[in-house]
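One structure is given below, encoded as structure tokens.
Coordinate-derived values only; no laboratory data. None of the values given here were measured: they were computed from a predicted structure. Ideal geometry is used to build each Cβ from the backbone, glycine not excepted, and the neighbour counts take in all protein chains shown.
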Amino acid sequence: MERLTYLLADEKNVRRHLLPLTFTRPVALLRVGIVTLQEKWNRLLGEDAGFWVEDYLQGKFAAKPAKTAAKDGKCLMINASVIPDAALAEALASLRPDEILVPANPADGNDLPWIAFYQDCSRLTTYESGLCQDGRISKPYGGKILQIGHLWDIFTHNGKQIEEDLSAIAACRPGEPLQGEGITRMGDRPVYAEAGARADHCIIDTTEGPVYLGRNSRVMPGAYLKGPLALCENSLIKVGAKIYGGCTFGPHCKVAGEVESSVMIGYSNKAHDGFLGDAVLGEWCNLGAGTNCSNLKNDYSPVRVWSYAEEKFVKTGLQFCGLFMGDHAKSAIGTQFNTGTVVGVAANVFAAGFPKNFIPSFTWGKETYRVERAIDTARAVWARRNKDFTECEADILRCIYQQTVENRTRSQSEDA
């Protein structure tokens, strides 16, 4: 029997709600908890799932059926925004080729029109054709559904997902002894260390959740860490940092100052003092020294944020909501971000006072950041981490630049 191919598909409208983070990556590569959505699915399915993404991303995130499935075969398309669990994996196993799994109660599924369906490999020619669902019988799924349907879902689900991911990791392999000296422990929840993790003369507080320290991660003296917290591979928490619960710092991040309920997907730095709360940063971001981010309005009213899907500011329903920053974005020293700010890809933020709550991609202050200059900078930044910035990466940035022209034009006309 031919092995089934799984594809984690970016549902079109949900993907737009998750911009700017999904300009540069599949939805399934968003990090929620310790690992990405793809890694969660791989663990439950026992297979490496591929991606189904917008055409301009397929050069980097190739779909597996293009190489492994027969032209007349089938693959299982799974909505990439769903956070999987064992019950949902069982429901997928019983799905028939003529059915489409949908939420029994759409209100519980957030903006989730479908969960999974089989697709003919012959349809996998363009992004749109791969999402075609014609002629399928709806099969309601009555189980609980967790979804990353909006940017803020990443940090609101993050603390619980750290606990879930750590339970799964610990069930597969025991942790390593935590290296270091002078560690003060508070609470009785686990501190799980991977090989090479080190912490010195710091406080680790697990009274409200566990702490995960990834391979070769390091915690420097004077830091306070409160769980649930995930410090992933080769990441660093600097001297005197105050890290509160619900935080994940992906691989190769540097963190300092005061941070709470925030996710840094990877390869990003907040290496100086300043506050960051209820926030999500993509990859290759840098917050300049003294950057501060408001996460609470003075009148305590619910926060609104810019939505690429609706092209307007929308209600989050949250009292606490800070900063969302796309890949390659940077802030100057002393930057003050207002509550609920969205910063696009490769934006360079510097201004007197508070910048706007929506900063388009490829902006340089109030001007346009030339895409080839942005590519040169990205290439230099990648080289510092011994990574090769390929022409494929450059082409993705060029596509995003073209897609966001209208955002920049509108913003610049408002400033004129």
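Things worth noting here:
- Note on segment 294-324 and segment 1-53: Cα centroid distance 26 Å, given to the nearest whole angstrom.
- Neighbour-count order for ILE243, ILE183, fewest beta carbons within 10 angstrom listed first: ILE183, ILE243
- Stretch gain in nm, segment ALA352-GLU414, where the contour uses 0.36 nm per residue and the Cα spacing is subtracted: 20.6 nm
- Separation between Cα centres of segment 88-162 and segment 169-204, rounded to whole Å: 37
- Using a simple spin-label model with pseudo-atoms 7 Å out from Cα toward Cβ, LYS160 and ASP273 lie 3.7 nm apart.
- Each Cα pair under 8 Å and six or more residues apart adds its separation to the average, and for segment 217-313 the resulting relative contact order is 17 percent.
- With a Förster radius of 35 Å applied to the C-beta separation of GLN133 and GLN319, the computed FRET efficiency comes to 0.40.
- With a Förster radius of 51 Å applied to the beta-carbon distance between ASN105 and ASP200, the computed FRET efficiency rounds to 0.55.
- Those residues of segment 361-392 whose amide nitrogen sits under 17 Å from the label point placed on ASN216, 7 Å along Cα→Cβ: 382-388
- Model label zone, ARG385; criterion: amide N under 18 Å from point 7 Å along Cα-to-beta-carbon; scope segment 217-234: 217-218, 230-234
- For segment 5-141: span of alpha carbons on each principal axis (Å, largest first): 36, 33, 28
- 222 nm mean residue ellipticity, helices alone, for the chain (DSSP H n ≥ 4; -39,500 (n - 2.57); rounded to 500): -6500 deg cm²/dmol
- Anchor LYS242: lysines whose Cα lies under 21 Å away (excluding residues fewer than 8 positions away in-chain): LYS160, LYS226, LYS254, LYS270
- Under Karplus coefficients 6.51, -1.76 and 1.60, residue-wise ³J(HN,Hα) of segment 202-215 in Hz, glycine/proline x: 9, 10, 10, 10, 10, 5, 10, x, x, 10, 10, 10, x, 4
- In segment 260-315, chymotrypsin sites (Phe, Trp or Tyr not before Pro) in a DSSP loop with at most 16 other beta-carbon atoms within 10 Å: TYR300
- Debye-formula intensities of segment 138-289, expressed as log10 I(q)/I(0) at q = 0.11, 0.14, 0.16 Å⁻¹, are -0.39, -0.62, -0.80 (one equal scatterer per alpha-carbon, no solvent).
- Simple spin-label estimate for ASP55 and SER301 in nanometres, 7 Å along Cα-Cβ: 4.3
- Counting only Cβ charges, +1 for Lys and Arg and -1 for Asp and Glu, the dipole size of the chain around its Cα centre is about 560 debye.
- Normalised alpha carbon radius of gyration of segment 241-307 [divisor 2.2 N^0.38 Å]: 1.11
- Within straight-line reach of LYS60, meaning a Cα separation under 20 Å, sit the following lysines at least 8 residues removed in sequence or on another chain: LYS12, LYS387.
- With only the Cα atoms considered, the chain has a convex hull volume of 146 Å³ per residue.
- Estimated distance in nm for a label pair at GLU406 and SER167, the labels positioned 7 Å out from Cα along Cα-to-Cβ: 4.4
- Whole-Hz ³J(HN,Hα) from phi, Karplus 6.51 cos²θ - 1.76 cosθ + 1.60, for segment 43-60, glycine and proline x: 5, 6, 7, x, 9, 7, 7, x, 10, 10, 10, 3, 4, 6, 9, 6, x, 8
- Hz values of 3J(HN,Hα) by residue in segment 29-41 - Karplus curve (6.51, -1.76, 1.60), Gly and Pro given as x: 9, 6, 9, 9, x, 8, 10, 7, 4, 4, 5, 5, 5
- Theoretical FRET efficiency, 1/(1+(r/R0)^6), r = Cβ-Cβ of GLU311 and CYS392, R0 25 Å, to 0.05: 0.30
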